[in-house]
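The values are calculated or read from the model by the stated rules, or taken from the named source; none is laboratory data. All figures in this text were calculated on a predicted structure; none of them were measured in a lab. So basically every Cβ, Gly included, is an ideal-geometry build from the backbone, and we count neighbours across all protein chains shown.
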Amino acid sequence: AVLAKVASPLESGLKLLYVTPELLAKSKTATSKLQSAYNKKALILIVIDECHCCSAWGHEFRPDYLKLSVLKVNFPGTPVLALTATATDKVTQEVEDTLGISGCMRFRGQYNRPNLRYSVLSKSSTFDNTVADVAQYILDVHHDACGIVYCFSRKDTEAVAAGLQGHGIPAASYHAQLPMSERVQVHEQWSAGLVQVIVATIAFGMGIDKHNVRFVIHHTMSKSLENYYQES
């Protein structure tokens, strides 16, 4: 129903359309509807969020982002705005080359975020003791605030979430192998305050906007400095 409005956005009143790169790569219908909107001069701006996913050097490379190169080819008269919070100079250049916007204007903000405080703590030698330390920190310092604990593997997210629950902390695991319905449910429960802590892989994090997140803990090290910055 939404795609039907894309072909005639002026008549339908459609102002903003969210679509995944995966859908654009696989759906001829979506591409056709966008072409119709472009032909009617109704495709005003294309925004690509998390554009670092275009780069094989980026920390969250997704192959279907590479196919977004067709946007500038198919819609040459529509401006393209590419956004990311984490991109090295090498990644930035590859993103521009991939999207066909080399030589575009670049706007950079400060990487330093003075409202954040980073701490490095020694990790206990056993899994149970590590989880107990994390639980004690949350109970002592952030007992009334929500947060995220990042783990490297699906298995760890489930084990850490179960461990935190054992210490009386409402926690839930989140990873890419969960059915979409469960991921949505966990996210909604966390957003509503029913779950205090999400224990997640990097599958959770992009686009999260929750005003009262007060801590991010890494149970295991991130794969790269870019990953760490994105997650924190």
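Before we move on, is T130 in contact with a Phe, Trp or Tyr (Cβ under 9 Å, 6 or more places away or on another chain) and surrounded by 11 or more Cβ atoms within 10 Å (Cβ to Cβ)?
Working: in contact with a Phe, Trp or Tyr (Cβ under 9 Å, 6 or more places away or on another chain): no; surrounded by 11 or more Cβ atoms within 10 Å (Cβ to Cβ): yes.
Against the criterion (in contact with a Phe, Trp or Tyr (Cβ under 9 Å, 6 or more places away or on another chain) and surrounded by 11 or more Cβ atoms within 10 Å (Cβ to Cβ)), T130 does not qualify.
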Requested in this report: Please indicate, with yes or no, whether at least one residue in the range 101-117 is modelled with pLDDT of 90 or more and touching a strand residue (DSSP E or B) at 6+ places or on another chain (Cβ under 6 Å).
Outcome: yes
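Select from the range 76-112 the residues that are basic (K, R) and either within 19 Å of L66 (Cβ to Cβ) or surrounded by 13 or more Cβ atoms within 10 Å (Cβ to Cβ) (or both) and list them in ascending order. Walk me through it before giving the result.
Taking the range 76-112 first, the residues basic (K, R) are 90, 106, 108.
Within the range 76-112, just K90 meets the criteria.
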Requested in this report: Could you tell me which of the residues L121, L116 is in a loop (DSSP other than H, G, I, E, B), touching a residue at least 60 places away in the same chain (Cβ under 8 Å) and not assigned by TED's automatic domain parsing to the domain that holds W190?
Outcome: L116
Query raised in the report: If only one of K67, K40, K26 is surrounded by 12 or more Cβ atoms within 10 Å (Cβ to Cβ), within 27 Å of L225 (Cα to Cα) and of a type in the set (K, R), which one is it?
Result: K67
Query raised in the report: Of everything in the range 1-19 that's at pLDDT 85 or above and surrounded by fewer than 13 Cβ atoms within 10 Å (Cβ to Cβ), which residue is nearest to P79 (Cα to Cα)?
Result: L16
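Got a sec? Which of Q196, Q230 is surrounded by 14 or more Cβ atoms within 10 Å (Cβ to Cβ), in contact (Cβ under 8 Å) with a residue 24 or more places away in the chain and closer than 22 Å to Y18 by Cβ? Step through it out loud before you land on a result.
Working: Q196 fails: closer than 22 Å to Y18 by Cβ.
Result: Q230 is the single residue among Q196, Q230 that is surrounded by 14 or more Cβ atoms within 10 Å (Cβ to Cβ), in contact (Cβ under 8 Å) with a residue 24 or more places away in the chain and closer than 22 Å to Y18 by Cβ.
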Query raised in the report: For the range 184-219, how many residues meet the condition of being among the aliphatic types (A, V, I, L, M), under 15 Å from the mean Cα position of the chain (by Cα) and assigned to a helix (DSSP H, G or I)?
Result: 1
Report task. Give the range 159-182 a look and list any residue that's surrounded by fewer than 18 Cβ atoms within 10 Å (Cβ to Cβ) and within 21 Å of the chain's Cα centre (by Cα), or say none. Result -> A176, Q177, P179, M180, S181, E182
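Being within 21 Å of the chain's Cα centre (by Cα) and of a type outside the set (K, R) narrows it down to one of G77, G147, G103, so name that one.
Numbers: G77 fails: within 21 Å of the chain's Cα centre (by Cα); G103 fails: within 21 Å of the chain's Cα centre (by Cα).
Going through G77, G147, G103 in turn, the sole match is G147.
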Report task. Can you give me the number of residues within the range 155-213 that are in contact with a His (Cβ under 9 Å, 6 or more places away or on another chain), more than 28 Å from N129 (Cβ to Cβ) and not aliphatic (A, V, I, L, M)? Result -> 1
Query raised in the report: Among the residues of the range 72-96, which ones are of a type outside the set (S, T, N, Q) and either within 24 Å of N39 (Cα to Cα) or out of contact with any Ser or Thr (no Cβ under 9 Å at 6 or more places or on another chain) (or both)?
Result: K72, V73, F75, P76, G77, P79, V80, L81, A82, L83, A85, D89
